[in-house]
Amino acid sequence: FDLEMNFIIQETESIICMVELLDKCDSTCQAEVWSMFTAVLKKSLRNLQACTEIGLIQLVLQRIDR
C-alpha cells in the first residue's frame, strides 16, 4: 500500500467496519490505526466528505465513554 498514491477511500461503508473493528483492539493498536487513518484523511477532501456522509464523528463520540 502506497500511502502517497492510494489515499482515496473507495468504499465508505468500510469506515464503519474499521471503527467497529477498533472496538476489539487494544489501545496501542487503536492509536496506530487512527494515526494512519488521519494521515489518509488529510490527503483528500473527498475522504473527509466520505467520513461526514457516514457520520464518523457520531460513531467516534458514541465510543468516547468506553
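See the values below:
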read-out	value
Residue within the range 31-38 that is modelled with pLDDT of 95 or more, open to solvent by 100 Å² or more (accessible area, probe 1.4 Å) and over 18 Å from I8 (Cα atoms) present	yes
Of all residues making up the range 9-26, the number that are without any contact (Cβ under 8 Å) to a residue 24 or more places away in the chain and either open to solvent by 90 Å² or more (accessible area, probe 1.4 Å) or assigned to a loop (DSSP other than H, G, I, E, B) (or both)	7
Residue in the range 39-49 that is nearest to E11 (Cα to Cα), counting only those that are within 10 Å of the chain's Cα centre (by Cα) and either exposed (fewer than 10 other Cβ atoms within 10 Å of the Cβ) or touching a residue at least 24 places away in the same chain (Cβ under 8 Å) (or both)	N47
Identity of the residue in the range 52-66, part of a helix (DSSP H, G or I) and touching a residue at least 40 places away in the same chain (Cβ under 8 Å), that ends up surrounded by the most Cβ atoms within 10 Å (Cβ to Cβ)	L56
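The values are calculated or read from the model by the stated rules, or taken from the named source; none is laboratory data. All values reported here derive from a predicted model rather than from experimental measurement. Positions of Cβ are backbone-derived with ideal geometry, glycine not excepted, and every protein chain shown enters the neighbour counts. These accessible areas exclude ligands, DNA and RNA; they are computed on the full protein's heavy atoms, side chains included. Shrake-Rupley method; radii C 1.70, N 1.55, O 1.52, S 1.80 Å.
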